[in-house]
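Visitor: Before I ask anything, let me first share the structure, which is written out below as structure tokens.
The values are calculated or read from the model by the stated rules, or taken from the named source; none is laboratory data. Bear in mind the structure is a predicted one, so any value in this text is a computation, not a measurement. Neighbour counts run over all protein chains shown; Cβ positions are idealised from the backbone, glycine included. What goes into the accessible areas is simple: the full protein's heavy atoms, side chains included, and nothing from ligands, DNA or RNA. Shrake-Rupley method; radii C 1.70, N 1.55, O 1.52, S 1.80 Å.
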Amino acid sequence: MQRLRQIVIAGGGSAGWMTAAALSSLLDPKDVSITLVESDEIGTIGVGEATIPDVINFNRMLGLNEQEFMKATNATFKLGIEFIDWGRKGDAYIHPFSVHGVDMQGIDFHNYWLHERAGGGQHPIQHYSLCAVAASAGKFTLPDPNPRSLLSHIRYAYHFDAVLYARYLRAYAEARGVRRVEGKIQHVPQAPESGNLVALQLDHGREVSGDFFFDCTGFRALLIEKILGVPYVDWSRWLPCNSALAVPCRHAGALLPYTRATARTAGWQWRIPTQQRTGNGHIYCREFMGDDEAAAMLLANLDGEALGEPRQIRFTAGHRQTFWAKNCVAIGLSAGFLEPLESTSIYLIQEGISRFISLFPDATLPEVVRGEYNRHMRTEFEQVRDFIVLHFSATERDDTPFWNYCRTMDIPDSLRHKISLFREAARVFRYEEELFSRPSWVAVLLGQNIVPTRCDPIVAALPQAAVRESLESMRVAMANAAQAMPSHQDFIRRYCPAGAP
Ligand SMILES: Cc1cc2nc3c(=O)[nH]c(=O)nc-3n(C[C@H](O)[C@H](O)[C@H](O)COP(=O)(O)OP(=O)(O)OC[C@H]3O[C@@H](n4cnc5c(N)ncnc54)[C@H](O)[C@@H]3O)c2cc1C
């Protein structure tokens, strides 16, 4: 069997260094060389601070020490996302990483909650999620490995400095034999018959040849688009935001263990607390708001003093028609972009890398392997898209032209089906290893005021008092468990203070 011998990664942002780190943890450098080409002059996008719990699996696969990694990247813990003003102005809900309550007799918890609500229950569903309760109280502790403990419900991710994360992974990859080459890619020759990429030709006349390439060049998409001509599938009719302004600010108040996403008049604003500053950004649609107005709105809504001028980024929501073409896989922003409302970009990078590894080809690059990779990544992007579109489309807001557009826009059939199934039958199903679990869908559907008209008929037949009693004991247990946790700030100070050895 002919094997791949020379892997070349174009680009050294989070995507490039995550790819390099993962491959170097698996491949012997004596067997397969890995070279990464990046240009300091071009630099990286420099945003991407919020993650979802799957990033822990990636770090574990690399064998990273959590405390060391968190100290090196200014990381904090994240228990979920708080959404403000989305369904209606004045609304607030948390999409937590943990489940709500406990499923009973094989029936999803939210049915019991709906039954209780129909009988006059007042508590929002998030009062039954340990992560949501702890997040609201600014508390944190690590999950208890004992599955009988309530603290085993804790699921978390990180907020971190994306530039420091890439730097950390660079040190990891270089220690495992990855060669970094500084320079600007100028030409990419192709084999005359196959069209496969042969080498990256850099400024100053250097050349890096390879038999397999990763395009991690960000929005430039140098290999997959400029050389291989793979078109982009534009999803802006469902996700119309196309601009971002990002600026960090000083902390004001305690370090909170969650991301906040606040809906604005033509988009939304994020707030992401890392240890040494708060990351902020305003995502908006240029057709509905000018850049100056967007910048003024961002700066008027910071928790503390801005640390610099807002940085502008333009984008189009969507993905590459094929993620793997010829002998090149696009990973990161070159593969596609969905706005960071649910912090999914780093996850999609990780998924691209893991799926490639699980399909690792020999040098013949079988067409069936390429096809499977493309099918899987397309499904991943579509499923994440539906979840994000839900936040915009399931709104009652009619106070601005942007929200009127979102409220009345056509939505993908797959999402329409999911909403109908929930609204009319209180059911949510997870298809094809879908990223977002049932509790995530339930949190956002209810948070956006899509409340089922009926609950599971078996639950509906249960006596109201018995359901009320078991829900109340769960709610009190969650509240007590959260109360007993240390504050997130104290936990960070003890566990992983930035800059400490
Ligand atoms: C506004 C915004 C907010 C985001 N927030 C989040 C978030 O909260 N969570 C999350 O998971 N993700 C987020 N993301 C996505 C995240 O930033 C990216 O997915 C991630 O940083 C990966 O970027 P990248 O490595 O693909 O591209 P980049 O960081 O742009 O890196 C591209 C690399 O290619 C190199 N390069 C390009 N052209 C050449 C050339 N000609 N020669 C040599 N080198 C070249 C550059 O030097 C650089 O090293 C956000 C993105 C945006 C736009």
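Visitor: I'd like to compare 296-306, 383-393: which one has the highest average count of other Cβ atoms within 10 Å, and what's the full order after that?
Guide: Top of the packing list down: 383-393, 296-306.
Visitor: Name the GluC sites (Glu not before Pro) in the range 28-74 that are in a loop by DSSP and that have at most 12 other C-beta atoms within 10 Å, would you?
Guide: Within the range 28-74, the qualifying GluC sites (Glu not before Pro) (loop, at most 12 other Cβ atoms within 10 Å) are 41.
Visitor: Over all distinct alpha-carbon pairs, what is the Kirkwood Rh of the range 323-429 in angstrom?
Guide: Taking every pair of different Cα atoms in the range 323-429, averaging 1/r and inverting gives 16.0 Å.
Visitor: Still on this model: As an exercise, take the mean of 1/r over every pair of distinct alpha carbons in the range 303-361, invert it, and state the Kirkwood radius in angstroms.
Guide: Taking every pair of different Cα atoms in the range 303-361, averaging 1/r and inverting gives 13.7 Å.
Visitor: Which whole-number percent gives the relative contact order of the chain, counting Cα pairs below 8 Å spaced six or more residues apart?
Guide: Once normalised by length, the contact order is 24 percent.
Visitor: Quick one: putting +1 on the C-beta of Lys and Arg, -1 on the C-beta of Asp and Glu, what dipole do you get for the range 135-259 around its Cα centre, in Debye to the nearest 20?
Guide: Dipole about the Cα centre, nearest 20: 580 debye.
Visitor: At 7 Å along Cα-to-Cβ for each site, give me the label-to-label distance between residue 181 and residue 430 in nm.
Guide: Calculated label separation equals 4.2 nm.
Visitor: Something else now. Excluding same-chain residues fewer than 8 positions from residue 326, which lysines have a Cα within less than 22 Å of its Cα?
Guide: 226
Visitor: Then there is this: Given N residues in the range 1-106, what is its alpha carbon radius of gyration divided by 2.2 N^0.38 Å?
Guide: Against the compact-globule rule of thumb, the ratio is 1.53.
Visitor: Diagonalise the Cα gyration tensor of the range 43-193 and give the resulting equivalent ellipsoid semi-axes, square root of 5 times each eigenvalue, largest first, whole Å.
Guide: After diagonalising the Cα gyration tensor, the semi-axes are 41, 20, 16 Å.
Visitor: For the range 189-200, just list the computed ³J(HN,Hα) in residue order, Karplus coefficients 6.51, -1.76 and 1.60, θ = phi - 60°, integers in Hz, with x standing in for Gly and Pro.
Guide: x, 10, 5, x, 8, 7, x, 5, 6, 10, 6, 9
Visitor: Please calculate how many Å² of accessible area the chain carries per residue, with a 1.4 Å probe and no DNA, RNA or ligand atoms counted.
Guide: Value returned for the chain: 41 Å² of accessible area per residue.
Visitor: Where in the range 144-215 are there trypsin sites (Lys or Arg not before Pro) that are in a DSSP coil and have at most 16 other Cβ atoms within 10 angstrom of their Cβ?
Guide: The qualifying sites are 148, 184, 206.
Visitor: Taking amide hydrogens as modeled 1.01 Å from N in the peptide plane, which residues meet the under 5 Å criterion relative to residue 307, leaving out close sequence neighbours?
Guide: Distant-sequence amide H within range of residue 307: 249, 250.
Visitor: Ignoring ligands, DNA and RNA, what percent of the accessible area of the chain is carbon or sulfur (1.4 Å)?
Guide: The computed percentage sits at 50.
Visitor: State whether the range 164-270 is rounded, prolate or oblate according to the following rule on the C-alpha gyration tensor (a ≥ b ≥ c being the square roots of its eigenvalues): a/c under 1.5 gives rounded; otherwise a/b larger than b/c gives prolate, and the remaining case gives oblate.
Guide: In terms of gyration-tensor shape, oblate.
Visitor: May I pose another question? Please report the equivalent ellipsoid semi-axes of the range 104-175, computed as sqrt(5 x eigenvalue) of the Cα gyration tensor, largest first, in whole Å.
Guide: After scaling each eigenvalue by five and taking roots: 37, 15, 12 Å.
Visitor: For the chain, what ratio Rg/Rh do Cα atoms give with a Kirkwood hydrodynamic radius?
Guide: Ratio of gyration radius to Kirkwood radius for the chain: 0.98.
Visitor: DSSP loop (so not H, G, I, E, B), at most 13 other Cβ within 10 Å: list which trypsin sites (Lys or Arg not before Pro) in the range 24-113 pass both filters.
Guide: 30, 89
Visitor: Starting from the 7 Å offset along Cα-to-Cβ, what nm value, one decimal, do you get for the label separation of residue 56 and residue 220?
Guide: It is 3.7 nm.
Visitor: Further, regarding this structure: Calculate how steeply helix 367-393 sits against the longest principal axis of the alpha-carbon atoms of the chain, using the helix alpha-carbon long axis, and give the answer as 0 to 90 degrees to the nearest 10.
Guide: It works out to around 40 degrees.
Visitor: Okay, moving on. If you bin every alpha carbon distance in the range 236-352 into 10 Å steps from zero, what whole percent lands in each bin?
Guide: 13, 40, 32, 13, 3, 0
Visitor: Counting pairs of alpha carbon atoms under 8 Å apart in space and at least six apart in sequence, what relative contact order in percent does the range 189-254 give?
Guide: 14
Visitor: HN-Hα J couplings of the range 40-45 from phi, Karplus 6.51/-1.76/1.60, θ = phi - 60°, integer Hz, Gly and Pro as x?
Guide: Here the 3J(HN,Hα) series is 4, 5, 6, x, 10, 5 Hz.
Visitor: What fraction of the DSSP beta bridges in the chain is antiparallel, stated in percent and rounded to the nearest 5?
Guide: Roughly 70 percent of the beta bridges in the chain run antiparallel, per DSSP.
Visitor: Quick one: 3J(HN,Hα) in Hz for the range 486-498, Karplus 6.51/-1.76/1.60 with θ = phi - 60°, rounded, Gly and Pro as x.
Guide: Going residue by residue, I get x, 5, 4, 4, 5, 4, 4, 4, 7, 8, 7, x, 4 Hz, with x marking Gly and Pro.
Visitor: Over what distance in Å are the Cα centres of the range 188-218 and the range 446-501 separated?
Guide: Comparing the Cα centres of the range 188-218 and the range 446-501, I get a distance of 52 Å.
Visitor: Using just the helices of the chain, give the 222 nm mean residue ellipticity in deg cm²/dmol: DSSP H runs with n ≥ 4 each add -39,500 (n - 2.57), and the total is spread over all residues, rounded to 500.
Guide: Taken over the chain, the calculation gives -10500 deg cm²/dmol.
Visitor: Scan around residue 235 for amide H atoms under 5 Å from its own, H built in the peptide plane at 1.01 Å from N, and keep only partners 5 or more places away or cross-chain.
Guide: 317, 318, 319
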